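Asker: Got a structure here, written out as structure tokens. Questions coming.
The values are calculated or read from the model by the stated rules, or taken from the named source; none is laboratory data. The structure presented is a predicted model; accordingly, all values stated were derived computationally and were not measured. Please note: Cβ atoms are built from the backbone with ideal geometry, for glycine as well, and neighbour counts cover all protein chains shown. SASA here: full protein model, heavy atoms, side chains in, ligands and nucleic acids out. Shrake-Rupley method; radii C 1.70, N 1.55, O 1.52, S 1.80 Å.
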Amino acid sequence: MTPTLTPPQKWQRRHVLSLQDFTVAELDIVLQTALSFQEVLNRRTKKVPTLQARVVANLFFENSTRTRNSFELAAKRLSADILNFSPGTSALNKGETILDTAKTLWAMGAEFMVIRHQQSGVPQTIAAEMDRLGAQVAVLNAGDGLHEHPSQALLDLFTLCQLYDPHQPRCALLQGKKIAIVGDIRHSRVARSNLYSLKTAGADVHLAGPPTLLPLEFAEYGATLHWTLEPALADADIVMTLRLQRERMDQHLIPSLREYHRQFGMTHERLRLCKPHVHLMHPGPVNRGVELSSALLDDPQFSLVHQQVSSGVAVRMALLYLMGTYHGAKGG
Ligand code: CP
């Protein structure tokens, strides 16, 4: 049985590179489509023929567990053929450029490229080159440097909206909800994409972190900034913690991991400042005992981390499906 899917004519993007200009209507289309695919994933037969014989290339130039595997599983559940490109064993080591690599995969028939790179802007550059060539290849940003991670923010949005209405997730459910994003905002592509989608959905977004990791410019996004944790947590509905990269200590941006945990680490005790039904999110990978206590991460009463990972497959199926229906104008 085919799931009930959004009419394709509503989707106006070839690429998904950023959430900066996504509208509420577009976010809601992703949520509704992901719900349909979640229903597929709950069946005994978890596969649909939606992308049969179409080729999805995974190009991960930077390490990944969640994003890479869930895009691969999403493509397989849609019956696509997958090319898993491994930079370490590729002709990149013989001097081939990334653009020539992308053109090579296009020549083999890749219609979708899911790209992660440590440098901001690589997926955008590849998408622009594919468009210049008239290639009709759909490029999805799977995390680029400090810039954006759209599919992570969309799976976060889906997880959050399902918390409030499992059967009809939609942006309106987040109207006025206080969402605190805590940690290394400056270097976080997850924070940027979430800021865009959560603000568009109508949430009241608060950012908290040490001044070295939370520059003033983030106020421009319409969020409230805090350089101590407590005001961000006060009456929060949701707390989203971010991974603290250990090299921030070597860069003298934090005094020590222990001190960071003392000031900004989430614990059961600190959650008491929030609303009674507060939930905690983390995109992963987690540094246990740094961004949050191990006990809190593993506490299903509060932690949504497992649901976030599960939602990732349905949301990424939705994105591949929607991008596969595109036939017209808008770019990324
Ligand atoms: N959240 C996230 O992007 O995780 P991975 O680095 O494992 O893909």
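Asker: Just check region 271-312 against the gyration tensor rule for me: Cα atoms, a ≥ b ≥ c as the square roots of the eigenvalues, rounded for a/c under 1.5, and otherwise prolate or oblate depending on whether a/b exceeds b/c.
Answerer: oblate
Asker: Classify region 167-269 from the C-alpha gyration tensor, please: rounded if a/c falls under 1.5, else prolate or oblate depending on whether a/b exceeds b/c.
Answerer: Judged from the Cα gyration tensor, region 167-269 comes out prolate (a/c at least 1.5, a/b above b/c).
Asker: Another question about this same structure. What's the center-to-center distance, using Cα atoms, between region 264-282 and region 92-120 in Å?
Answerer: What the calculation gives is 42 Å, centre to centre.
Asker: Let me check I've understood the local charge: for Leu92, count other residues with C-beta under 14 angstrom from its C-beta, Lys and Arg +1, Asp and Glu -1. What total comes out?
Answerer: -1
Asker: Also: Can you tell me which of 32-44, 170-182, 214-226, 310-322 comes out highest on packing, and rank the rest after it, using the mean Cβ neighbours within 10 Å?
Answerer: Those peptides, ordered most packed to least, come out 310-322, 170-182, 32-44, 214-226.
Asker: For a quick protection proxy, order the peptides 93-99, 276-282 by their average other-Cβ count within 10 Å, most packed first.
Answerer: Result, highest mean first: 276-282, 93-99.
Asker: Ignoring ligands, DNA and RNA, please state the percent of accessible area on the chain from carbon and sulfur, probe 1.4 Å.
Answerer: Whole-percent figure for carbon plus sulfur exposure: 51.
Asker: How high is the FRET efficiency between His167 and Gln301 when r is their beta carbon distance and R₀ equals 25 Å, given to the nearest 0.05?
Answerer: According to the calculation, E is roughly 0.70.
Asker: Mind putting a number on the dipole of region 152-309 about its Cα centre? Charges go on the C-beta only, +1 for Lys and Arg and -1 for Asp and Glu, and I need it in Debye to the nearest 20.
Answerer: In debye, rounded to 20, region 152-309 gives about 100.
Asker: Over region 152-309, give the accessible area per residue in Å² for a 1.4 Å probe, as an integer.
Answerer: Averaged over the residues of region 152-309, the accessible area is 41 Å².
Asker: Once phi is turned into ³J(HN,Hα) by the Karplus curve 6.51 cos²θ - 1.76 cosθ + 1.60 with θ = phi - 60°, what whole-Hz value does each residue of region 309-324 show in order, with x for glycine and proline?
Answerer: In residue order, the calculated couplings are 5, 4, 4, x, 5, 5, 5, 6, 4, 4, 5, 5, 4, 5, 5, x Hz.
Asker: Same structure again: So how do 108-117, 289-298 stack up, highest first, on mean other-Cβ count within 10 Å?
Answerer: 108-117, 289-298
Asker: On to the next question. Given Cβ point charges of +1 (Lys, Arg) and -1 (Asp, Glu) and nothing else, what value in debye, to the nearest 20, does the dipole of the chain about its Cα centre take?
Answerer: 720 debye
Asker: Between Gln118 and Arg43, what is the label-to-label distance in nm when each label sits 7 Å out along the Cα-to-Cβ direction?
Answerer: Here the answer is 4.3 nm between the modelled labels.
Asker: Go ahead and collect, in residue order, the members of region 262-278 whose backbone nitrogen is under 14 Å from a label point 7 Å along the Cα-Cβ direction of Thr228.
Answerer: 263-264
Asker: Just grab the label-to-label distance for Arg246 and Asp81, each label 7 Å out from Cα along the Cβ direction, in nm (one decimal).
Answerer: With each label placed 7 Å out from Cα toward Cβ, I get 4.2 nm.
Asker: Can you work out the PRE-style zone for Gln136? Point 7 Å along Cα to Cβ, and I want the residues of region 100-117 with backbone N under 12 Å.
Answerer: Taking a point 7 Å out along Cα→Cβ of Gln136, the residues of region 100-117 whose backbone N falls under 12 Å are 111.
Asker: Now for a separate question. Which net charge results for the neighbourhood of Leu133, defined as the other residues with beta-carbon distances under 15 angstrom from its beta-carbon, given Lys and Arg at +1 and Asp and Glu at -1?
Answerer: Residues near Leu133 contribute -1 overall.
Asker: Which percent, nearest 5, of DSSP beta bridges in region 152-309 are antiparallel?
Answerer: Counting DSSP beta bridges with both partners in region 152-309, the antiparallel share is about 0 percent.
Asker: Something else: Would you calculate the separation in nanometres between label points at Lys94 and Ala107, each defined as 7 Å from the Cα along the Cα-to-beta-carbon direction?
Answerer: Reported label-point gap for Lys94 and Ala107 is 1.2 nm.
Asker: How many percent of DSSP beta bridges within the chain run antiparallel, rounded to 5?
Answerer: Around 5 percent antiparallel, to the nearest 5.
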